[in-house]
1. For segment 26-60, give me each residue that is at pLDDT 60 or above and in a helix (DSSP H, G or I).
2. Just to be sure, is His256 modelled with pLDDT under 85 and in contact with a strand residue (DSSP E or B) (Cβ under 9 Å, 6 or more places away or on another chain)?
3. Name the pairs: first residue in segment 268-287 and surrounded by fewer than 19 Cβ atoms within 10 Å (Cβ to Cβ), second residue assigned to a helix (DSSP H, G or I), Cβ to Cβ under 6 Å, at least 6 apart or on different chains?
4. Yes or no: segment 4-25 includes at least one residue that is at pLDDT 60 or above and either closer than 24 Å to Ser153 by Cα or not β-branched (Val, Ile, Thr) (or both).
5. Can you find even one residue in segment 225-245 that is of a type in the set (S, T, N, Q), at pLDDT 90 or above and in a loop (DSSP other than H, G, I, E, B)?
6. Does segment 94-106 hold any residues that are buried (at least 19 other Cβ atoms within 10 Å of the Cβ), without any contact (Cβ under 8 Å) to a residue 60 or more places away in the chain and not aromatic (Phe, Trp, Tyr), and which are they?
7. Scan segment 188-195 and give yes if some residue there is at pLDDT below 95, assigned to a helix (DSSP H, G or I) and surrounded by 15 or more Cβ atoms within 10 Å (Cβ to Cβ), otherwise no.
8. Just to be sure, is Thr90 in contact with a Ser or Thr (Cβ under 8 Å, 6 or more places away or on another chain), under 16 Å from Trp57 (Cα atoms), modelled with pLDDT of 85 or more and assigned to a loop (DSSP other than H, G, I, E, B)?
Amino acid sequence: MLRPWAAHWITAVLLCRAVAQYSSDQCSWRGSGLSHESHRRDVEQVYLRCSQGSLEWLYPTGAIIVNLRPNIEPTSGRMPDLHACIKPHTESQGALVYLEQAGDLMLLLGEKEQAQGMVQCFSLAEGALFVEAVSQTDISRRITAFQYELVPSQGPGAHMYPYLHPGIVACKPCSDEEVLMAVCTSDFVGSGFIRGAEASSSSSSSSPASGIKDHSSVVVTLRRLFRQKSGVFAWAGARVRGWSGRVNMPLQCGVHPGGDEYLLTGPVHFGEAWLGCAPRYKDFLKLYTAAQETGTNPCQVDTD
């Protein structure tokens, strides 16, 4: 429900381009409400033009409107069909996060949802984020912070995005072509063993699956690490002679600790690894060798 004073704020922004404005082509923004504390009804415009980044608002006062856009120019003259997913820091407080839709405000993240690290997604065509500071006499130690990712709603791999389509990611085997391409394009690629699994909980703020009920967090040890993004796997030491970390995967995959060595590939979302193609490593070696002999490998990796 739109509050009368919020409607006044939004109208003022549209007509006057806001009292205070900050524009940037960077991926992340960090600002402070202290810069206009004496003007607590100021609305600040923030422009972020990246596929992923973060926002950190110290001592929030007034409100900010966050405009998320991709860092590419549309070739057809229209905005691509994208969704934005935001994940708040579990210590985020001091403001409420709304989706502004044609003058109406829909609450996305209250302070309770922020404390749980709950991920929320929406279409960019629906509007912008309206972040409103909570009225309080003491703004010290209040920081509103979240990460964001822009996700295509259609195209290769779109249906695999766990937060946009929870509950429909199946454990189907990848084709030979998909495995070879996953080695080239995944955020992490390595070979190793599954050590254990822990079911996630939608009510747990420490849940690696961030509120997705049908996923588990699997502990893995990698003997080889061909590539990784965001340091999701850490060197476990000379005694282990490998890397350790966690990978999120659907519960229906029926993972059993120990056993065969697997090739593990997949994307990284909000600093967490999600399983993609995962054939047995010995099967991958046969496939990779055959593709090398026929010259059909899309990329090269050191399998020695």
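The values are calculated or read from the model by the stated rules, or taken from the named source; none is laboratory data. Remember, it's a predicted structure, so these values are computed and weren't measured experimentally. All Cβ positions, glycine included, derive from the backbone under ideal geometry; neighbour counts span all protein chains shown.
1. To start, the set of residues in segment 26-60 that are at pLDDT 60 or above comprises 26-35, 41-60.
Answer for segment 26-60, where residues must be at pLDDT 60 or above and in a helix (DSSP H, G or I): Gly33, Leu34, Ser35.
2. Details: modelled with pLDDT under 85: yes; in contact with a strand residue (DSSP E or B) (Cβ under 9 Å, 6 or more places away or on another chain): yes.
It is true that His256 is modelled with pLDDT under 85 and in contact with a strand residue (DSSP E or B) (Cβ under 9 Å, 6 or more places away or on another chain).
3. Leu287/Asp176
4. Residues of segment 4-25 that are at pLDDT 60 or above, as a first pass: none.
Within segment 4-25 (the criterion being at pLDDT 60 or above and either closer than 24 Å to Ser153 by Cα or not β-branched (Val, Ile, Thr) (or both)), the answer is no, since none of the residues qualifies.
5. First, pick out the residues of segment 225-245 that are of a type in the set (S, T, N, Q): 228, 230, 244.
Restricting the remaining residues to those that are at pLDDT 90 or above gives 228, 244.
If we keep only those that are in a loop (DSSP other than H, G, I, E, B) too, we end up with 228.
For segment 225-245, residues of a type in the set (S, T, N, Q), at pLDDT 90 or above and in a loop (DSSP other than H, G, I, E, B): present.
6. Hits for segment 94-106 are Gly94, Ala95, Leu96, Val97, Leu99.
7. No, segment 188-195 contains no residue that is at pLDDT below 95, assigned to a helix (DSSP H, G or I) and surrounded by 15 or more Cβ atoms within 10 Å (Cβ to Cβ).
8. On the way: in contact with a Ser or Thr (Cβ under 8 Å, 6 or more places away or on another chain): yes; under 16 Å from Trp57 (Cα atoms): yes; modelled with pLDDT of 85 or more: yes; assigned to a loop (DSSP other than H, G, I, E, B): yes.
Yes; evaluated as a whole, the condition is true for this residue.
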